[in-house]
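The values are calculated or read from the model by the stated rules, or taken from the named source; none is laboratory data. Quick caveat, the model's predicted, so the values are computed rather than measured. Glycine gets a Cβ as well: all are built from the backbone with ideal geometry, and neighbour counts include every protein chain shown.
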Amino acid sequence: MKVCVRMFAAARQLAGAPTLDVELPAAATVAQLRAAILERFPNLQPLQHHLLFAVNTQYAHDDTNLGESDEIACIPPVSGG
């Protein structure tokens, strides 16, 4: 299945694109998506333990299953003041 992932902030800059189309096996999980993105964009490795994923506007755990129609966002750590 193919999913579209919206990238934000530093993750967007490091990936060099606002969205990524990622090919995954059917019933893939967020953990599999994370691995696929990190394999394709090794420059995201420094953020790997801090990237959060949201599926359909809800933060998702690594064991969350994905579907082709899901709205997925990749959110790196943010700081502010």
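A few points about this structure:
- Filtered residue count, region 9-42, keeping only those that are of a type in the set (F, W, Y) and either in contact with a Ser or Thr (Cβ under 7 Å, 6 or more places away or on another chain) or closer than 19 Å to L66 by Cα (or both): 0
- Check on A54, out of contact with any Lys or Arg (no Cβ under 7 Å at 6 or more places or on another chain) and over 16 Å from F8 (Cα atoms): no
- Candidate set: region 35-74, residues that are part of a strand (DSSP E or B), more than 14 Å from C4 (Cα to Cα) and touching a residue at least 12 places away in the same chain (Cβ under 8 Å); chosen: the one farthest from the chain's Cα centre (by Cα): N65
A quick yes/no check of all residues on (1) more than 11 Å from C74 (Cβ to Cβ); (2) modelled with pLDDT of 95 or more:
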site: T19; (1), (2): no, yes
site: V22; (1), (2): no, yes
site: A27; (1), (2): yes, no
site: Q32; (1), (2): yes, yes
site: L38; (1), (2): no, yes
site: P42; (1), (2): yes, yes
site: F53; (1), (2): no, yes
site: T57; (1), (2): yes, yes
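Residues are listed down the side, and each one gets a yes or a no for (1) in contact with a helix residue (DSSP H, G or I) (Cβ under 7 Å, 6 or more places away or on another chain); (2) of a type in the set (S, T, Y); (3) surrounded by fewer than 16 Cβ atoms within 10 Å (Cβ to Cβ):
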position	(1), (2), (3)
A26	no, no, yes
L33	no, no, no
E71	no, no, yes
C74	yes, no, no
V78	yes, no, yes
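- Looking across region 20-34, the residues that are in a helix (DSSP H, G or I) and not charged (D, E, K, R) come down to V30, A31, Q32, L33.
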